[in-house]
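The structure under discussion is supplied below as structure tokens; questions concerning it will follow.
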Amino acid sequence: MKKLTLILFVLAAVFVAACSGKKEETASAAEETETAAADEWPEMDAYHFAMAEAFHPFKDSANLAPVKAQAADLVKAAETWVNAPLPEKVNNDEIKAKLQELKSGSDALAQLVTTGTDEEIGTSLTALHDKFHELQEAWYGGGGHQHNH
């Protein structure tokens, strides 16, 4: 009988230990998910992807064909970004104004690709790229993110 009591006690202790470890793991996973969400700005990433597709061919070889083909993607990404809730660390009037400028610049670029000269398109694209980087630097805290061109 003493052996059975001892075995049951050990099994109960193992069960309690296993369950309490799961609670800690679950809490830790929830904290990690919350931290990861605070470190993400998916609308910025989507705009960055569209900007890279349009800007790098121009920067690398003065190729404007991609921006002419993808200007509408920049407009759509800017529209989505400006209308999305802002993460807490960038939820301020300065960032809201920069996002509006980015949206206006994206709209202007889309118009230029149909009516402007290559020089005007290149100038507009470069200015828009620089405005994007102002937002990106605000998100990453200035020097925390390297993006070499």
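With 10 angstrom as the radius, rank Thr117, Thr123 by how many other C-beta atoms surround their C-beta, starting from the fewest.
Details: Thr117 9, Thr123 14.
Least to most surrounded, the residues fall as Thr117, Thr123.
Given the pairs Lys59/Lys96; Lys59/Lys89; Lys68/Lys103; Lys76/Lys98, which are separated by over 22 angstrom at their Cα positions? Write out the running numbers ahead of the final one.
Details: Lys59/Lys96 28 Å; Lys59/Lys89 31 Å; Lys68/Lys103 17 Å; Lys76/Lys98 16 Å.
Pairs exceeding 22 Å: Lys59/Lys96; Lys59/Lys89.
Same structure again: If I stretch the segment between His133 and Glu119 completely, what's the gain in nm (0.36 nm per residue apart, minus their alpha carbon distance), one decimal? Before the final figure, lay out each step's value.
Working: separation 14, 0.36 × 14 = 5.04 nm, distance 2.12 nm.
That pair, His133 and Glu119, stretches by 2.9 nm at full extension.
Per residue of region 71-81, in order, report the coupling 6.51 cos²θ - 1.76 cosθ + 1.60 (Karplus, θ = phi - 60°) as ³J(HN,Hα) in whole Hz, putting x for Gly and Pro.
Running phi through 6.51 cos²θ - 1.76 cosθ + 1.60 with θ = phi - 60° gives 4, 5, 5, 5, 4, 5, 5, 5, 4, 4, 5 Hz.
Only the coordinates and a few stated rules stand behind these numbers; no lab work does. Remember, it's a predicted structure, so these values are computed and weren't measured experimentally. In this analysis, Cβ positions are derived from the backbone assuming ideal geometry, glycine residues included, and neighbour counts consider all displayed protein chains.
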